[in-house]
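The values are calculated or read from the model by the stated rules, or taken from the named source; none is laboratory data. Keep in mind that what you see is a predicted model, and the values were worked out from it rather than measured. Here the Cβ positions follow ideal geometry from the backbone for every residue, glycine too, while neighbour counts run over all protein chains shown.
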Amino acid sequence: MPSHSIKFEKVPPQTTPGRGVVSRRQFLAEASVRTLGTSLLAASGGSAYARVLSDARAKSIKVRQDFPGGGGVMERIDEVRRAIRFRAHNEQGGGWGQVWWYFQVDGLTPGTLITLELNYGHPPGSGVAPQAYFSTDQKTWQLTAAGQEAADGPTQLMVYNQRVLSARMWFAYNLPYLPEHLHELRTLAEKSGTAASVYDLCRSRNHRPVLALRLAETPRAGTQRYGIWLQARAHAFESGTSWVLHELARWLMSSDPEARQLRACADLTLVPIVDVDGVVEGRTGKNQPPYDHNRGWDESASHWPEVRAIQAQLTELTRQNALDLFIDIHGPGNGAHPYFICPTPSALPTDLRRQNQAAFLACLEAQEQTKETRKALSMERFFFSPRQINYQSSAGWVSAHTTPSVVALTLETNMSSPLSTPEGYQAEGRALGRGIARYFTGNRHLR
């Protein structure tokens, strides 16, 4: 898997010359050789169609998932219809435990159509993406046209149609982000001229390194420094969250004046991938047994070494009075905009924490989420949703085990909209960084 930054290009809707957008019904009707032949003969000439059809018949579609991040279950390949039916990886019980898929397809014929049929499963999976992602090189990723719901008897499907651009293509639930992408942050940290470094937080259950980025400049005498902990990907399928934190890290190491001011007054730790085993092994991660990486935080000793290591470092920071802000980034959000899941003011134990949480949300100009605000499509406007504290989660544990002034939040990033692109994730990461900078450099945080 290349460790390059992912690029993104917009793709126009799938069309047939002279007819506009091809609907699901039209596509399936034309998927037989005879009807498709008639359509293409009329549109492009007999010899061109005969050559494409001959090439398509000569090639056999092959699907691979045996690479880092590859996942999902193949059910069948229809060579005549050029269709692949598959299910997302299922941790247990469907729902949000059945979301992630990512595979490579060989034997494709450029210029033809390939159909991806995502089987919702029994019980059905959740979080089905309205558009899928595809690439010809695992570097530049594009969005398919909007998928269409369909049924094959009792089987419920989400169907994505995509024109083939090369003999080999990759398709995924969302933009893949793997440990290899952290090498870019390591290289950038070494060249940035900042006090940034990448270190091994711990080893996973399957002995993989869990990497973290630390930015901690030498404090000046008589100055107060704040402590900030940001993490993502407690659920392996939430790849967009890693991209938000990745882009935030790049901004933090930049020469942007606000980034420099934040580095001057705060020490920051970023963990872009918490569940590294789930990510590399192509699993969904959420609801995995015995519990996922955002549950069981209230156990005396978590099942997960990553969680134990994070708790140990947060406990030490708390002992040093060096933890002021904790954010755990999740997805896929509501398909409209990023929003914070925050404790209701009445659930917070101290006035100090209530004041700090309100001041932090104000620095991001966050509005309370309503049915009307859910119509606002953005990657840079933040909203919040007040709820009771879940002490089994990371933010709940931090709320219960740190100082009375700490702000502990969950951020739901927007992974399921046309704006959920590398550029969109970059915009969200930088907007989050600027809001954090305004909060701390403006002396809004009280201890």
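Descriptive notes on the structure:
- Of all the criteria given as (1) under 27 Å from the mean Cα position of the chain (by Cα); (2) buried (at least 17 other Cβ atoms within 10 Å of the Cβ), the one not satisfied by residue 348 is (1).
- Residues of segment 266-283 satisfying the condition of being in contact (Cβ under 8 Å) with a residue 60 or more places away in the chain, assigned to a helix (DSSP H, G or I) and out of contact with any strand residue (DSSP E or B) (no Cβ under 7 Å at 6 or more places or on another chain): 277, 279, 280
- Scan of segment 432-444 for residues that are out of contact with any Leu (no Cβ under 7 Å at 6 or more places or on another chain) and surrounded by 22 or more Cβ atoms within 10 Å (Cβ to Cβ), ordered by number: 439
- Residue 341 falls short on exactly one of the conditions (1) among the hydrophobic types (A, V, I, L, M, F, W, C); (2) within 30 Å of residue 134 (Cβ to Cβ); (3) part of a strand (DSSP E or B), and that condition is (2).
- From 136, 144, 140, 115, residue being surrounded by 18 or more Cβ atoms within 10 Å (Cβ to Cβ), β-branched (Val, Ile, Thr) and within 23 Å of the chain's Cα centre (by Cα): 144
- Yes/no for residue 447 being among the charged types (D, E, K, R) and either outside any helix (DSSP H, G or I) or at pLDDT below 95 (or both): yes
- A count restricted to segment 380-417 and to residues that are crowded, with 24+ Cβ neighbours inside 10 Å and either among the charged types (D, E, K, R) or in a loop (DSSP other than H, G, I, E, B) (or both) stands at 4.
- Strands (runs of 3 or more DSSP E) (entirely within segment 180-248) containing at least 2 residues that are closer than 22 Å to residue 334 by Cβ: 226-232
- Filter result for the condition that a residue is at pLDDT 95 or above, more than 18 Å from residue 101 (Cβ to Cβ) and not acidic (Asp, Glu), over 211, 175: 211
- If you go through segment 284-306 and keep only what is surrounded by fewer than 19 Cβ atoms within 10 Å (Cβ to Cβ) and not in a loop (DSSP other than H, G, I, E, B), you end up with just 305.
Table: residues versus (1) of a type in the set (D, E, K, R); (2) closer than 30 Å to residue 131 by Cβ; (3) in contact (Cβ under 8 Å) with a residue 40 or more places away in the chain.
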{"residue": "347", "(1), (2), (3)": "no, no, yes"}
{"residue": "357", "(1), (2), (3)": "no, no, yes"}
{"residue": "360", "(1), (2), (3)": "no, no, yes"}
{"residue": "374", "(1), (2), (3)": "yes, yes, yes"}
{"residue": "381", "(1), (2), (3)": "yes, yes, yes"}
{"residue": "399", "(1), (2), (3)": "no, no, yes"}
{"residue": "403", "(1), (2), (3)": "no, no, yes"}
{"residue": "424", "(1), (2), (3)": "no, yes, yes"}
{"residue": "433", "(1), (2), (3)": "no, yes, yes"}
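- Residue satisfying condition, being without any contact (Cβ under 8 Å) to a residue 60 or more places away in the chain and either surrounded by 24 or more Cβ atoms within 10 Å (Cβ to Cβ) or in contact with a strand residue (DSSP E or B) (Cβ under 6 Å, 6 or more places away or on another chain) (or both), within set 213, 248, 230: 213
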